[in-house]
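Working notes, beginning with the structure itself.
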Amino acid sequence: MSPAIASSNPPPYTTSLSGENLRRLHRLDAIKSVVNSTVRSHPLNAVQPRPIDSLRRGDWVKLICGASFEDAADIRNLSLVYSLAGVDCIDCAADESVVNAVNDGIDAAMNIGAVERPWVMISVNDDKEDLHFRKAEFDPEDCPPDCSRPCEKVCPANAILLENSSTGNHSLGKLQGGVVTERCYGCGRCFPVCPFDKISAKTYIRDPAATSELLKRNDVDAIEIHTTGRHIDLFNELWESLGDSIKHVKLVAVSMPDVGKSTFTTMSEMYKIMESRLIGYNLWQLDGRPMSGDIGRGATREAINFAMRLAALPDRPHGFYQLAGGTNLHTIDSLKKVGLFKAIKFSENGIENTSAVGITDSVQALIGGVAYGGYARKIIGRVLCKLPTEPHCMLIEDYPEHLMEALTEALTLVGPVKSYKLPLACTK
């Protein structure tokens with residue numbers, strides 16, 4: 001809990017507020033002070049939009065709420081916390097209620113800390129093979145009542161809830177509950193641990209027509225197309241179906257894994273497909289090990305290797321590049337070790353770094369930044385689970401001590417990318 005801010009001349013509202021409300025306002029003031037001393041003090045370039053300036057410097061940060069994660073209450077609070085921490089973009093499902101939740105969280109953050117508004121990105125896919133667009137499903141009545149329920153234990157999103165329907169002998173009752181659909185984001189960890197092989201995956205494709213309508217909103221700034229990189233015809237089909245709605249966005253991102261020798265040729269072919277209708281910027285999300293950042297240090301290795309392969313190319317696909325898939329607290333250290341953090345050159349013989357001041361329109365960092373998903377949600381989720389579960393009690397700003405705790409966690413992740421001068425409490 002943050003200390004109250006001392007004042008020799010209490011403001012007029014102190015005479016009419018209860019002690020608890022006054023303490024709440026003081027705590028929110030302390031949060032605003034943290035934001036002002038870290039995020040707001042970060043250097044900005046007035047020429048470019050802030051997110052593009054960040055990509056050029058190599059300190060872009062994107063929060064991935066999850067292409068299939070649709071828990072509006074959590075998404076709203078995650079968006080609030082990471083907006084206060086200074087992320088450049090928030091990526092979410094192409095769903096109207098989810099987009100509304102993201103923007104609600106951003107608005108609340110701006111009211112608290114006067115931060116700059118991050119861009120809102122929506123995610124779609126071009127085929128059903130993409131792992132980000134699936135949900136686990138099973139019938140709990142098919143589960144043996146004495147099952148040890150390893151699926152519950154392994155789920156990182158608390159998206160599987162099972163209970164016995166019998167009030168008597170545990171072994172006689174059937175299980176009820178199952179997958180909480182809006183919380184499942186398709187990581188797949190439950191599939192192999194089910195001892196009875198009862199869990200399957202339900203895949204889907206986002207509706208291009210509904211996506212096109214979302215792109216026309218003033219509070220949607222970017223789109224991300226997830227592709228496996230193996231079926232360029234499906235990518236072309238999706239791109240054509242989105243039509244002129246693409247012209248409403250500031251940034252078009254394409255997320256794809258490293259598929260081997262054809263990776264960079266495929267990226268260049270995709271850019272040719274997009275080029276004629278691109279009004280804004282384009283970004284490549286180098287997807288290392290999808291949905292694994294919360295597992296541990298080694299999860300980030302594949303994204304780093306992908307970045308190294310790309311950086312070594314003499315002729316790279318057009319656009320900015322950003323890491324994802326397995327990213328976590330160790331990603332920036334790993335980028336530094338291989339010489340790719342805010343670097344403008346990369347070779348076997350060494351690297352040449354540049355500061356934020358040295359980046360110009362014609363020179364940009366090889367790697368524009370990092371997107372954080374599972375790990376970012378995990379560290380804030382530990383705080384969100386402390387909130388009351390009643391719908392009217394789930395606004396994190398109503399509990400400033402929890403908001404300060406969550407902001408501190410977020411700054412430990414965002415701060416090293418942005419090179420913030422963090423308060424002592426955030427350097428744990």
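The values are calculated or read from the model by the stated rules, or taken from the named source; none is laboratory data. The shown structure was predicted, so the numbers you read here are calculated from the model rather than taken from an experiment. Here the Cβ positions follow ideal geometry from the backbone for every residue, glycine too, while neighbour counts run over all protein chains shown. Heavy atoms of the whole protein, side chains included, go into the accessibility calculation; ligands, DNA and RNA do not. Shrake-Rupley method; radii C 1.70, N 1.55, O 1.52, S 1.80 Å.
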Handout entry: Extension reserve of the LYS337-VAL259 stretch, reckoned as 0.36 nm per residue once the Cα distance is removed
Key = 25.7 nm
Exercise for the section: Set Lys and Arg Cβ to +1 and Asp and Glu Cβ to -1, take the dipole of the chain about its Cα centre, and tell me which of VAL338, PRO192, VAL98 lies farthest positive. Expected result: VAL338
Handout entry: Solvent-accessible surface ranking, highest first, for VAL338, VAL35 at 1.4 angstrom
Key = VAL338, VAL35
Practice task
Compute, for CYS143, the solvent-accessible surface of its heavy atoms (probe 1.4 Å) with the complete set of protein chains present, and express it in square angstrom to the nearest 10.
Solution key: 20
Handout entry: Members of LYS378/LYS418; LYS62/LYS378; LYS62/LYS342; LYS128/LYS198; LYS135/LYS261 lying beyond 23 Å, as alpha-carbon distances in this model show
Key = LYS135/LYS261
Handout entry: Choice from VAL193, VAL179, VAL370 with maximal GNM fluctuation in the chain (Cα, 10 Å cutoff)
Key = VAL193
Practice task
Treat each spin label as a single point 7 Å out from the Cα along the C-beta direction, and report the LYS174 to ARG316 distance in nm.
Solution key: 5.6
Practice task
Please give the per residue volume of the convex hull enclosing the alpha carbon atoms of the chain, rounded to a whole number of Å³.
Solution key: 166
Completion exercise
To the nearest 0.05, the calculated FRET efficiency linking ASP244 and LYS128 through their beta-carbon distance, R0 being 30 Å, is 0.70
Practice task
Over the range 167-236, consider all pairs of different Cα atoms and compute the Kirkwood hydrodynamic radius from their mean reciprocal separation; express it in Å, one decimal.
Solution key: 16.8
Completion exercise
Semi-axes (Å, rounded, descending) of the ellipsoid equivalent to the range 254-315 per its C-alpha gyration tensor are 25, 14, 10
Fill in the blank from the handout: Once PHE191 and SER37 are pulled to full extension, the length gained, defined as 0.36 nm per residue separation minus their Cα-Cα distance, is 50.9 nm
Exercise for the section: Looking at the chain, send over the antiparallel percent of its DSSP beta bridges, to the nearest 5. Expected result: 25
Handout entry: Among SER268, SER123, SER276, residue whose mean-square fluctuation peaks in a GNM of the chain (springs only between Cα atoms under 10 Å)
Key = SER276
Handout entry: 21 Å Cα-Cα threshold exceeded, pairs from LYS345/LYS421; LYS32/LYS216; LYS32/LYS421; LYS202/LYS250
Key = LYS345/LYS421; LYS32/LYS216; LYS202/LYS250
Practice task
Diagonalise the Cα gyration tensor of the range 51-131 and give the resulting equivalent ellipsoid semi-axes, square root of 5 times each eigenvalue, largest first, whole Å.
Solution key: 21, 17, 8
Problem - C-alpha center-to-center spacing [the range 363-401, the range 256-296] in angstrom - result: 26
Completion exercise
For the chain, the dipole about the Cα centre with charges only on Cβ (Lys and Arg +1, Asp and Glu -1), to the nearest 20 debye, works out at 1460
Exercise for the section: Positive end of the charge dipole of the chain (Lys, Arg +1 and Asp, Glu -1 on Cβ, about the Cα centre): tell me which of ILE304, ILE246, SER276 has its Cα farthest that way. Expected result: ILE304
Problem - Viscosity 0.890 mPa s, 25 °C: Kirkwood-radius Stokes-Einstein D of the range 112-228 over Cα pairs, µm²/s - result: 146
Problem - Label point distance in nm, ASN218-ARG382, each placed 7 Å from Cα along Cα→Cβ - result: 4.0
Completion exercise
Among MET267, VAL61, VAL124, the residue whose Cα sits farthest towards the positive end of the charge dipole of the chain, when +1 is placed on the Cβ of each Lys and Arg and -1 on the Cβ of each Asp and Glu, is VAL61
Completion exercise
Here FRET efficiency (C-beta to C-beta, ASP29 to ASP398, R₀ 22 Å, nearest 0.05) is 0.90
